[in-house]
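All remarks here apply to the structure that follows.
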Amino acid sequence: MSVSCDSYYKKFLDSLEHLSTTREKYEDLSYEDAKNDHSVEEAANEVITIYGELASFVNQNDPDGIQCEVRELQKEISNLANSVDAVYHLTSTPNSCYDKAVKKALFPISRIKEMIAKAKSLHGRVCKVESCNPFLRCYGIKGFFTSYDKTKVAPFANPMDAFGCHAMKKNPLSPSFAAGYIEPNGSTIVHVHPHVTQTVFVQSGVIKIREKYLDDTQKTYACIAQALHETTPKTIFQIVNTSSSEPARLIYVVYPAYVFVSENASALGSYNDSVDVATTWEEVEEKHITYADVYARHKTMIDSRQFFVDMIMKREEK
């Protein structure tokens, strides 16, 4: 794998260097020339495309999960892609106040230099496997991050994840998968998924799931290891680890694929298929919170899902 991986990686590094050179030349253009110059966006799109090829190649050829080494580049590539989308959006808007400063802000030279340095530092780690099974595709569960409710989540296969380390073919109708970890006596924040259905599979541990439905009724379900539970859209719910000594290890299957676009990654706004409702279930009951209340507070974000799905799908076509 080393030679082939190195060739893919060299192509990726060359595209970053080309973007850097192109961006530096842009600095000297006049306003009118800059307004009609699309070389920076084209160079950025080249980086994004080649990164996708690299991630796809490593994913198909590395059953041991080394492909997730490229996760450290994922955020910057996603930010770069959203900057390209923002420029296209601004330049196509009638009577736009588009300015040279906008592109300079979205493609700062310092950030491109940082991406090059990071990519060079990861080269050896990404291309270190000397042999592997090219016919085996493996999605390793790595890279847990801690949410603000102190539960841990590790997305490991999402066809709507922009340029993730698995580089799956974009498909808004396919499911997405993530691993979950809840400490003893821990719980998720009370939340709701307006558009997606979530099935929780309990790998180990014991959990309870509280749910509140559109008709204002409530139910609580207990799930032991190897059991699963489905939560439908617009249901307010919370997952609680009922054990005081053992963590709960879960697999979340979301259909259609979970969509998340952070504020840092998109100049066009943010989106999350999960909407926070309350810190505790007691708060839900005391304030009589319903889905209608949640929708009224977050209507703009909830209704914008298709916009962000289309944005991700258009990026796949580029």
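Summary of values
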item: Full-extension gain in nm, residue 114 to residue 288, via 0.36 nm per residue minus C-alpha separation; result: 57.8 nm
item: Computed lengthening from residue 314 to residue 27, 0.36 nm per intervening residue step minus Cα-Cα distance; result: 100.5 nm
item: Approximate spin-label separation residue 228-residue 49, in nm, with each point projected 7 Å along Cα-to-Cβ; result: 3.8 nm
item: Theoretical gain in end-to-end length, residue 199 to residue 216 [0.36 nm per residue, Cα-Cα removed]; result: 4.0 nm
item: Neighbourhood net charge (13 Å Cβ-Cβ; Lys/Arg +1, Asp/Glu -1) for residue 306; result: -1
item: Gyration tensor (alpha-carbon) shape descriptor, segment 145-317, a/c threshold 1.5; result: oblate
item: Unsatisfied cross-links (Cα-Cα over 21 Å) in the set 75/118; 152/314; 219/287; result: 152/314
item: Relative packing of 289-296, 224-231, 48-55, which averages over residues the other C-beta atoms within 10 Å, highest first; result: 48-55, 289-296, 224-231
item: Karplus 3J(HN,Hα) series, Hz, for segment 194-202 with 6.51 cos²θ - 1.76 cosθ + 1.60 (x for Gly, Pro); result: x, 10, 10, 9, 10, 10, 9, 10, 8
item: Global form of segment 219-301, assessed from the alpha-carbon gyration tensor, a/c cut-off 1.5; result: oblate
item: Segment 294-310 versus segment 227-292: alpha-carbon centroid distance in Å; result: 16 Å
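Bear in mind these aren't lab numbers, they're just calculated from the coordinates by the rules spelled out. Treat the numbers as computed from the prediction; the structure is a model and nothing was measured. So basically every Cβ, Gly included, is an ideal-geometry build from the backbone, and we count neighbours across all protein chains shown.
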